[in-house]
Each structure stands twice: as C-alpha cells, then as structure tokens.
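The structure under discussion appears below in the form of structure tokens.
Taken together, the values in this text are just the output of simple stated rules run on the coordinates, not laboratory data. Worth saying up front: this structure is predicted, and the values here are computed from it rather than measured. Cβ atoms come from the backbone with ideal geometry, glycine included; neighbour counts cover every protein chain shown.
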C-alpha cells in the first residue's frame, strides 16, 4: 500500500540516464572541437611548408655515417684525404684508404656503384659513371668549364665559378681553387682514435698484448690517453658532463629531502598542533612548487652563473616543495598505535620517535626520494640545457651547429643508457625497501 | 617462571651481536653516503662559474632588480601580462593536447602490456619495454631533434611531451589495470564480445576514475614541461621568457609579468586538478 503511494523512481532514473547519455555524447564532440581549434592555433597546415625534410635526411644520414673528403688544391696540385674535411682526420699520404689511388701525378677516387673521379695530372677532373658518358671539368682562365654538350642533366649544376655533381654514389665540386670529392661511409669515424694518434687502426688485442706501438708510451696508458682525450669525440668531457648531470640529480634530490624533512613535520597535523604554523609551512611548499624549476633555474643562474651548481640548487628548491607535501602526508598517515605502544613502555619522546615513528616512515620516504631521483636524472638534462651544465649543454651545443649529428646520436645513446641504468638500480633498491617493510 | 619468559642468554647475545653488526654496517653506509655528498658538492662547486658562498650574497640581486623594474613600470604591468596571455594559452594547449594524445596512447599501451588482458600475451614484454623507452627519453631530446626538422613552434614540443606522457601513463595505467576485477571481462567474453568491447565495457569503467586522476596529475606536470621546452625554442610562454631575459641586459619588467602569469597559472591548475582528483578518487560523480 505505502509502496504504491510513493512516486515511482522510474522517471527520475530515466532523466538521469538521459542526462548521462547527453554528457557522454557531448564529451567527444567537445574534444573534437577543441582539437580542431588546436590544429588551427598550432598552424598544423603550415607545418608542411616549414618542415625541413632535407634536414631530417641530413640528420638520419649523419647519425650513422661520415663523409670522407678527397680534396685537390688546384694551385699546388696537392691532394689531401680527410675525414669530415677535418685536419685531425687527415690521412698520411702512405696510408690512404684503398679507394683512393695515386700514380703518375693522377689520383683516382673510386665511388660505389662503379662511379669514379679522376684528378688528372694536367688539372682536368673527370666524373665517370656507368651508362653515361664521362664528364670532364677544367679550369681555364679562372673559369670553371665542363665538356657538357646539350641540356644539363639534373645531377650536374654548373656555373662559371663552380661545377658540382651530385649522385647517389657521392659528390664532386670543382671551383677555381680546388676540386673536392665526398664519399659517404657508414659508421662513426675516428670514434676510438683520431688519425693523428698512432693507435688508429689497431685492434684492442694488439694494444693490450702486441708490441709497443708508440715508442714514447706504454700501449695501455697511451691508448687510454688518446681515447679519453680524443679531440673530435671528447670522451673525457662527455663523461664529465654525464657525471655532472647525475651529480645535479643526486645532490639536488638529497638536498631537497634534507630541507623538506624537518619542514614536513611542521606541516603535519598530528605533529604540529598550531594551525597557523601548519598553514604557513604548507603555503611555503606550494610557493616553491608553483614557482617551478624553470623560474628557479633562471633566477639562480643570475646569482651562481652557468654550471651544475645552479642546476643543483634549482632541483633542491623545486623538489623541496614536492617532498614537503609528500612527506607531511606520509607523517599524517602514520599509524599512531605503534607510537602509543612504545609510549606505554615509558619511553621518552625521543625514543618514541626512534622506535615508534621512524621505522614506519623511513621506507615510505626513502622510496619517494628514490623515485624522485629517477625523475630528476631526466630533469637535470633539461635544466642543464637551460643553465648550461652537464650533458644537456653538450646536447644543445651539438644541435645548434646543425651538423654534428653523430655527436647528438652519441649523447642521446649515453643519456638513455644513463637513465636506464639509474632507473634499474633505483627501482631495485626501491623494491627491496618496500618488500622489507612488509616482512 | 620469570626465567622462562626471558630469552636464553645465548639468543640474547646473538641478538645483540646482530644489532651491533647492523649498526656498524649502517654507520659505514651513512659515512660513505655523507662522504659522497661532500665530494659531489666539491666537484659541483669546482665546475661552476662561482662557488656557493660567492653567489649567495647575489641571490637576491635578481629578484630585487626584477621587483624594482616591475614596480617602476607598474602602470605597464597589466598590459604586459595581457600581452603574454596568448603565449600562455599556447603553452597550456601544448600540455593539454599532449596529455590527451599521451593518455590515449598510454591507455592502449597499458592494456597491451597487462597480463590477462593483453590480446597477444607474447607481446607483453615488447610493449613493456616500449613503455620504458618512451618514459626514459628526456622530452628535451625529442623536442630539440623535432625543432631541427619541423622548425620551431608548438608542434615539436607537443609531440615530445605526448611521447613521454604515453610512456609514463602507460606504466601507471597498467598498474591500475593489473588490479582490475576480471569477472566482468569473463562475463562479456562469454557473450562473444570482441577484445575492444571487453576493454571498453568491462575494464574501462572500473579503472576510469583512477586513470583520469593520473591523467590530471600528468597535465600539471606537462604544463611545467611545456613552459620549459618553450625556453629551448618550442614556442609558448617559455619562448617569450627567453626573449625577455636575453634582450640586451634583460627586460625585467616583461620577465616579471611572465613569472607572475606562470606562477598564478601553475598554482591555479595544481589546485583545480587536486580538487578534481580528490573527488574522482572518492568516487563522486564529476
């Protein structure tokens, strides 16, 4: 009887369902509208024009290969073979690679796919390739001329001052002063030793067990010196930079935790009874977190200059806010019964903390600190890019030149290895700490 | 009687010895830790432009000149703030789109690498490693490479942050998904539902509040990241900030305006998102 008298809940349920359906349908529509707005706002359509796909091609090619330049000086007739055209990568004449042959004053450069370039003794340069008649370029009266007849093929660009040939196999450019052939070869050139080091071209067993290569120095220390001080790859500097980045993360995290710990107790409800004090400390945490690493980094770099110190302090300040919040929550969620239990034995406040609270807190806090350390290793790479320290600086420098992509690849690989290794170590420690708590 | 409640002397002795050993080990570890801290600090000071104590007195110089210059031109401040609102919107847009795209990718990744839900159990290992790699690559690396190829602007930053977000959320999501109740999934499977239907109707409703909460947290992080990437050339408010700082001696009034804008935005987003997350986790309807 009473059940009948009550209004049926059905219409209300149906209304609620209709409302929900409306929400569920309008959400994707709103999202799509937002995305459409962003596509316009970000000028995605214009991106196609701005995108430099040739840059991408350079990047991809450079990251795994290098170019060897064979250059003839047209005045002296001297031929030089150098990796990346670099002085430190210049081959001694008796140690030229096999694809550059010299004889009777002429030099023949073999390129892949049967292409070849000949520097003749009389100064003529000939580019020969299968299926095409050879192209001969000469410098006559200060003008660069070729024996092309008919239309210029698309692999040649010619003017009075410069004739260039670009094919899949390689590149040739002849100007009044010099003729230069470039051949792309796979691999990172001179990664271990530069050509001016006596150890270049020797294998590890030869260095370790073979006869002394450089009469001045023992093999092992000499090779290490030349590798570590490799002027092109700068392995020593890179290692220092990586170390700096890790150090920034380590000192920053530990410093932040050390500063946050006492403050976190002040912000915890069950430790600090004074409401105003709690409120004040919490606002301090909110403030340092809100100011954010970017602003801290800029402000601090004005006082401490470029270098890892600025980065370290920026991490300290930003993470102090985060740790303060996390730690004070951990303290508030602490189980009070353990402290009471210890208190019931007549323990002093100090002992109550030592045996009632700290055993509960340490695993949680330590695990949070380790987690933050992992994340800070990545942050300190970015902070290094802003403030000028560590591997982040090297990375931005190498990128700004826009040509040292093999260096960029090297740094990226090292950064990834560093992040992986530290993640693995810290993850293992964290799991042990958490498991230890359960036992 | 009283004797029997005490441990035998040998056991007590062993316990005390164990404690002593532990304390010794702990002490040695602590000493090593402190030594590495001190040594690390020395190295950091050595490799920086100035020492900590040298820089400390100048710590307040920059904020002081910032405030002074901003105060001197305080009449301009509202206009300066207003001028940079479009860049701020761009920064937030980068973060929002990156969070959306990253969360979607993370969603798929997490389902693909959760045991019991993955459509190809053989692929779990691969997708987990993929998530790890995405998470490990610092976004600045991707952003800088993309800026070189795509030119400066918001898109490189967006892609970089989205990739990192996909990795980070993929891991967090899969931790949530692992705890999911499998009975609804089995129920749907018995009706012949496809994998997509099972995920959408049996898994997503269970985990949606937690996922949303993580995605919101990520959004807070991404706003900061997008401001930072702007500073390395990816547009938005960070880019304006760099221009302000490197313009001659530095346009400190502009910098002050941007700092203010950024600070207020970050705090507002943090607070709103924290409130939303609390409601989500407590199960209230949005």
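Using only the Cα atoms of the range B:2-53, construct the convex hull and provide its projected area averaged over every direction, in square nanometres to one decimal.
5.4
Rank these for me by crowding, A:143, A:325, going from fewest to most other beta carbons within 10 Å.
A:143, A:325
Tell me the angle of helix A:10-41 to the major Cα principal axis of chain A, expressed in degrees between 0 and 90 and rounded to the nearest ten.
30
If I fit a long axis through the Cα atoms of helix A:390-401 and take the longest principal axis of the Cα atoms of chain A, what angle between them do I get, 0 to 90°, rounded to 10?
Tilt of helix A:390-401: around 40 degrees.
So what is the 222 nm mean residue ellipticity for the protein assembly as shown from helices alone, if each DSSP H run of at least 4 adds -39500 (n - 2.57) and you divide by all residues, rounding to the nearest 500 deg cm²/dmol?
Result for the protein assembly as shown: -21500 deg cm²/dmol, rounded to the nearest 500.
Each label point is 7 Å from the Cα along the Cα-to-Cβ direction; what then is the distance between the points at residue B:267 and residue A:214, in nm?
The two pseudo-label positions are separated by 6.0 nm.
Largest first, please: the extent of the C-alpha atoms of the range B:84-224 along each principal axis, to the nearest Å.
55, 31, 21
Pairs of Cα atoms under 8 Å, at least six residues apart: use those to get the relative contact order of chain A, whole percent.
12
How large is the convex hull of the C-alpha atoms of the protein assembly as shown per residue, in Å³?
In the protein assembly as shown, the Cα hull volume divided by residue count equals 318 Å³.
In the protein assembly as shown, what % of DSSP beta bridges are antiparallel (nearest 5)?
Taking every DSSP beta bridge within the protein assembly as shown, about 100 percent pair in antiparallel fashion.
Can you give me the relative contact order of the range B:165-256 as a percent, contacts being Cα pairs under 8 Å and 6 or more apart?
Here the relative contact order equals 19 percent.
Label-point separation (nm) for residue A:56 and residue A:420, each offset 7 Å from Cα along Cα-to-Cβ?
In this crude label model, residue A:56 to residue A:420 measures out at 2.5 nm.
Would you mind estimating how fast the range A:9-51 diffuses translationally, via Stokes-Einstein at 37 °C and 0.692 mPa s with the Kirkwood radius over Cα pairs, in µm²/s?
So the translational diffusion coefficient is about 256 µm²/s.
So how do B:54, A:62 line up by other beta-carbon neighbours within 10 Å, fewest first?
Listing B:54, A:62 from fewest to most nearby Cβ atoms yields B:54, A:62.
Could you work out how much longer the chain between residue A:237 and residue A:188 gets when fully extended? Use 0.36 nm per residue separation minus the Cα distance between them, nm to one decimal.
Length difference between fully extended and current span is 15.8 nm.
Translational D (Stokes-Einstein, µm²/s) of the range A:235-438 at 37 °C and 0.692 mPa s when Rh comes from the Kirkwood sum over C-alpha pairs?
For these conditions, the coefficient is 177 µm²/s.
Compute the angle between helix A:358-387 and the longest alpha-carbon principal axis of chain A, please, reported from 0 to 90 degrees and rounded to the nearest 10.
Taking Cα atoms only, the helix is inclined about 30 degrees.
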